[in-house]
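Contents: one structure, followed by commentary.
The values are calculated or read from the model by the stated rules, or taken from the named source; none is laboratory data. The structure displayed is predicted, hence computed values, not measured ones. All Cβ positions, even for glycine, are placed from backbone atoms using ideal geometry, and neighbour counts span all protein chains on display. These accessible areas exclude ligands, DNA and RNA; they are computed on the full protein's heavy atoms, side chains included. Shrake-Rupley method; radii C 1.70, N 1.55, O 1.52, S 1.80 Å.
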Amino acid sequence: MTQQAELGVEERTPELVPLNAIFATDFVQILVPVTSANTMNEVAAAIAHHVEGKRVRALPYPKIVIHNGRTLPGEMTVAEAGIQPLDHVAVEYDIPEGQS
């Protein structure tokens, strides 16, 4: 067994994790490189960078990452979430109830 495999998620060297992603109401799926150490807030920002204000109107709300039907906490890392290379994630605006 390698040293890398024996380390806990938080002690491992960050690894490249390319993700298939869709942002809010965009119609184009994009491939976005992130690392296993990136938080969901960082992942959302990386995905938004390619779309927000270009094909999707920017909104003044926080962004959330959804993977396999579950909304992931903003401080959770890619590794902690169990997201694998080429997994599909969606980024949505976290719009409070009653606003839109």
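If you go through region 28-45 and keep only what is within 15 Å of Pro18 (Cα to Cα), open to solvent by less than 90 Å² (accessible area, probe 1.4 Å) and either polar (S, T, N, Q) or assigned to a strand (DSSP E or B) (or both), you end up with Ile30, Val32, Pro33, Val34, Thr35, Ser36, Asn38, Thr39. The set of residues from region 11-27 being within 20 Å of Gly74 (Cβ to Cβ) and surrounded by fewer than 17 Cβ atoms within 10 Å (Cβ to Cβ) comprises just one member, Pro14.
So which residues in region 46-81 are part of a loop (DSSP other than H, G, I, E, B) and out of contact with any Phe, Trp or Tyr (no Cβ under 8 Å at 6 or more places or on another chain)?
Listed by number, the residues that qualify are Gly53, Lys54, Arg57, Ala58, Pro60, Asn68, Gly69, Pro73, Gly74, Glu75, Met76.
Scanning region 82-100 for residues that are open to solvent by 80 Å² or more (accessible area, probe 1.4 Å), closer than 16 Å to Gln29 by Cβ and in a loop (DSSP other than H, G, I, E, B) yields a count of 1.
Restricting attention to region 54-81, the residues being free of Cβ contacts under 8 Å to residues at least 12 places away in the same chain and open to solvent by less than 70 Å² (accessible area, probe 1.4 Å) number 1. The residue that is farthest from Ala81 (Cα to Cα), among those in region 10-57 that are in contact with a Pro (Cβ under 6 Å, 6 or more places away or on another chain) and of a type in the set (Ser, Thr, Tyr), is Thr35.
Every condition in (1) farther than 18 Å from His88 by Cβ; (2) modelled with pLDDT under 95; (3) open to solvent by 60 Å² or more (accessible area, probe 1.4 Å) holds for Leu7 except the one numbered (3). The residues of region 12-27 that are part of a loop (DSSP other than H, G, I, E, B) and in contact (Cβ under 8 Å) with a residue 12 or more places away in the chain, listed by number, are Arg12, Pro14, Glu15, Ala24, Thr25, Asp26, Phe27.
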